[in-house]
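**Student:** There's a structure below that I have some questions on.
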Amino acid sequence: MTQPKAKSITKPIKKKDRVSREPLLEACLAAFVRAGKLDLSLDHLADAVGTSKRMLIHYFGSREALEQMAMTLLEDRLRARFRAGAFPSGTPAKAVVDALWSQVTSPESRGVLLLTMDLTRRSWSGSERAREFFEEQQCLWSEMLRDFLPDAGAVEALLQLFQGAALVYLVTGDRERGRRALERLMRGNAVGSRTR
């Protein structure tokens, strides 16, 4: 025979404390970006967004659900930022790569870059959702670059170098090493421009 569930004793939520889930999710994603990782305790996250751990659980159900929603929101943001058609037709491939490198390595983008690297780490550690995030980003960038590069092999070569250069940038803080490597690739015979 099962025991009856005990009534939870909760105080009514004050009107000034009521927030909808969307702004709270936005605030949580901003806290993850500032930290450059998802691995924040719920207590730390609650402090960072100005609420309580209890309210986070109330609005999202669980830490895992909150992380899932934050990853989805981050995907949506990145999809809008790095979408196919983000550059005008006829833009030279080198100009596209230069603009992307500048954008990804700008100081304002550091937290997002760290967070995407954290999700990449989670994907190789077995997180299926993080792996889906990684695959989504690969597809997103491939679609965007296909308009400017001659073939799928050139897109793959550029993506691999770009990801490695981003990792070196995060470790060293040196944007120029990656920029020089990308320039060499773009000047080389392996990657030429394509016009739309």
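The values are calculated or read from the model by the stated rules, or taken from the named source; none is laboratory data. What you see is a predicted model; the values in this text were computed from it and never measured. FYI the Cβ positions are ideal-geometry reconstructions off the backbone, even for glycines, and counts take in every protein chain you see. SASA here: full protein model, heavy atoms, side chains in, ligands and nucleic acids out. Shrake-Rupley method; radii C 1.70, N 1.55, O 1.52, S 1.80 Å.
**Student:** Can you tell which of ARG184, ARG177 is surrounded by fewer than 16 Cβ atoms within 10 Å (Cβ to Cβ), in contact (Cβ under 8 Å) with a residue 12 or more places away in the chain and of a type outside the set (Ser, Thr, Tyr)?
**Tutor:** Numbers: ARG184 fails: in contact (Cβ under 8 Å) with a residue 12 or more places away in the chain.
Of the residues listed, the single one that is surrounded by fewer than 16 Cβ atoms within 10 Å (Cβ to Cβ), in contact (Cβ under 8 Å) with a residue 12 or more places away in the chain and of a type outside the set (Ser, Thr, Tyr) is ARG177.
**Student:** Looking only at the stretch 21-53, which residues are in contact (Cβ under 8 Å) with a residue 24 or more places away in the chain and either on the phi > 0 side of the Ramachandran plot or of a type in the set (D, E, K, R) (or both)?
**Tutor:** If the condition is that a residue be in contact (Cβ under 8 Å) with a residue 24 or more places away in the chain and either on the phi > 0 side of the Ramachandran plot or of a type in the set (D, E, K, R) (or both), then ARG21, GLU26, ARG34, GLY36, LYS37, ASP39 are the ones that fit.
**Student:** Could you tell me how many of the residues in the stretch 159-196 are at pLDDT below 90, assigned to a helix (DSSP H, G or I) and of a type in the set (S, T, N, Q)?
**Tutor:** 0
**Student:** May I ask you to list the residues in the stretch 41-76 that are surrounded by 14 or more Cβ atoms within 10 Å (Cβ to Cβ) and under 17 Å from LEU140 (Cβ atoms)?
**Tutor:** Answer for the stretch 41-76, where residues must be surrounded by 14 or more Cβ atoms within 10 Å (Cβ to Cβ) and under 17 Å from LEU140 (Cβ atoms): MET71, THR72, LEU73, LEU74, GLU75.
**Student:** Restricting the stretch 97-116 to residues that are more than 13 Å from GLY178 (Cβ to Cβ) and in contact (Cβ under 8 Å) with a residue 60 or more places away in the chain, which is most open to solvent (accessible area, probe 1.4 Å)?
**Tutor:** Result: ARG110.
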